[in-house]
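K.L.:
Can you read through this structure? Questions will come right after.
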Amino acid sequence: MRLTTKGRFAVTAMIDLGLRNHSGPVTLAKISERQNISLSYLEQLFGRLRRHELVGSIRGPGGGYTLARTARNITVADIILAVDEPLDTTSCGGMQNCNIGRNGSTGKCMTHDLWTALNERIVDFLDSVTLQDLVDKERMRLLEESTKAQKAEVKFMKKPKASAMVV
């Protein structure tokens, strides 16, 4: 299994949307700007996300995208599968005929069951992580960054003044 930019960008864009979903539709142009993802690429991804009913679109001025379901009801697996990202570590695409011999025989390769079990674990893991989990984690990260910046600013402002020396 190889997670490509398609899957990574889709998850990133959905987190961005999830962070801002409460304040109305979010434009792809804003997501593009914040996440440094090509607008045309986002348009392709969101077309797929919309077809899989993960996002909804609102046209016109003030329009954009919203989550079609609550973030708690969208998993990372939903997002990745919606953008046609393969989640398969087998070399045969799960077909069980990955061991094509020189004599024309077919069948499972010796490691087929290993890779199939890995596929199941990956999908189970991605299915256990919700968009809400990722949004909450990002909010905490942003809050921690903000708190650190505020503390640094206060520390800088409270820097003691040099006292005058009396001779």
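Each reported figure results from applying straightforward, stated rules to the coordinates on display, with no laboratory input. Only a predicted model underlies this, so the values are computations on that prediction, with no experimental measurement involved. With ideal geometry, Cβ positions are generated from the backbone for all residues, glycine too; neighbour counts draw on all protein chains shown.
K.L.:
Could you estimate the translational diffusion coefficient of the stretch 5-136 from the Stokes-Einstein equation, with Rh from the Kirkwood formula over C-alpha pairs, at 10 °C and 1.306 mPa s, in whole µm²/s?
P.N.:
On the way: Rh = 16.3 Å.
D = 97 µm²/s.
K.L.:
So, in Å, what gap is there between the alpha-carbon centers of the stretch 7-58 and the stretch 105-146?
P.N.:
Their Cα centres are 21 Å away from one another.
K.L.:
I'd like to compare 127-136, 36-45, 71-80: which one has the highest average count of other Cβ atoms within 10 Å, and what's the full order after that?
P.N.:
Ranked by mean Cβ neighbours within 10 Å, highest first: 71-80, 127-136, 36-45.
K.L.:
Shifting gears a bit: In terms of modelled amide H atoms, which long-range or inter-chain residues lie less than 5 Å from the amide H of residue 89?
P.N.:
For residue 89, whose amide H was placed from the backbone, the distant partners under 5 Å are 119.
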